[in-house]
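Novice: Just dropping this structure here.
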Ligand SMILES: [Zn+2]
């Protein structure tokens, strides 16, 4: 068991979970905070989603940038859209081997751009909401 999340983060995680359906019974969300995420000082957050097992692991860097609320929204969107990523993996596996790397790279770039855009739009709206009581 790690340290509890900072209050602002706990509240925003709760808002995002309620908005994105990540508070469903049986869904497990594991959140940890680290000095460096994946050994890279420039990464503010990283999400590993195992949608088929109804869980996701989110890592946040302890030192967050000024748009820290957007970082939380962004990572929890990755968790919420985990099934989409799994579907793409299945589709890409059907391609000839030499086409897979470009297909995945294209998907990841487009997915990042879409999540960034949606997180930027949703964050100010979510911030105004009361976090749900737990
Ligand atoms: Zn991302």
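Novice: Select from segment 79-129 the residues that are touching a residue at least 12 places away in the same chain (Cβ under 8 Å), more than 18 Å from the chain's Cα centre (by Cα) and not in a helix (DSSP H, G or I) and list them in ascending order.
Specialist: Matches in segment 79-129: 129 only.
Novice: Could I ask something else about it? Within the group 95, 122, 104, which residue is farther than 23 Å from residue 53 by Cβ, in contact with a helix residue (DSSP H, G or I) (Cβ under 9 Å, 6 or more places away or on another chain) and within 16 Å of the ligand (Cβ to nearest atom)?
Specialist: Values: 95 fails: within 16 Å of the ligand (Cβ to nearest atom); 104 fails: farther than 23 Å from residue 53 by Cβ.
Of the residues listed, the single one that is farther than 23 Å from residue 53 by Cβ, in contact with a helix residue (DSSP H, G or I) (Cβ under 9 Å, 6 or more places away or on another chain) and within 16 Å of the ligand (Cβ to nearest atom) is 122.
Novice: All but one of (1) modelled with pLDDT of 90 or more; (2) surrounded by fewer than 17 Cβ atoms within 10 Å (Cβ to Cβ); (3) over 20 Å from residue 115 (Cβ atoms); (4) out of contact with any strand residue (DSSP E or B) (no Cβ under 8 Å at 6 or more places or on another chain) hold for residue 11; which doesn't?
Specialist: The single condition residue 11 does not satisfy is (2).
Novice: Of all residues in segment 39-58, which are within 12 Å of the ligand (Cβ to nearest atom) and out of contact with any helix residue (DSSP H, G or I) (no Cβ under 8 Å at 6 or more places or on another chain)?
Specialist: Of segment 39-58, the ones within 12 Å of the ligand (Cβ to nearest atom) are 43-49, 58.
43, 48 - these are the residues of segment 39-58 that are within 12 Å of the ligand (Cβ to nearest atom) and out of contact with any helix residue (DSSP H, G or I) (no Cβ under 8 Å at 6 or more places or on another chain).
Novice: What is the one condition in (1) in contact with a helix residue (DSSP H, G or I) (Cβ under 6 Å, 6 or more places away or on another chain); (2) closer than 21 Å to residue 6 by Cβ; (3) more than 13 Å from the ligand (Cβ to nearest atom) that residue 62 does not satisfy?
Specialist: It fails just one condition, (1).
The values are calculated or read from the model by the stated rules, or taken from the named source; none is laboratory data. These figures come from a predicted structure and were not determined experimentally. A quick note on method: Cβ atoms are made from the backbone with ideal geometry, for glycine too, and the neighbour counts reach across all protein chains shown.
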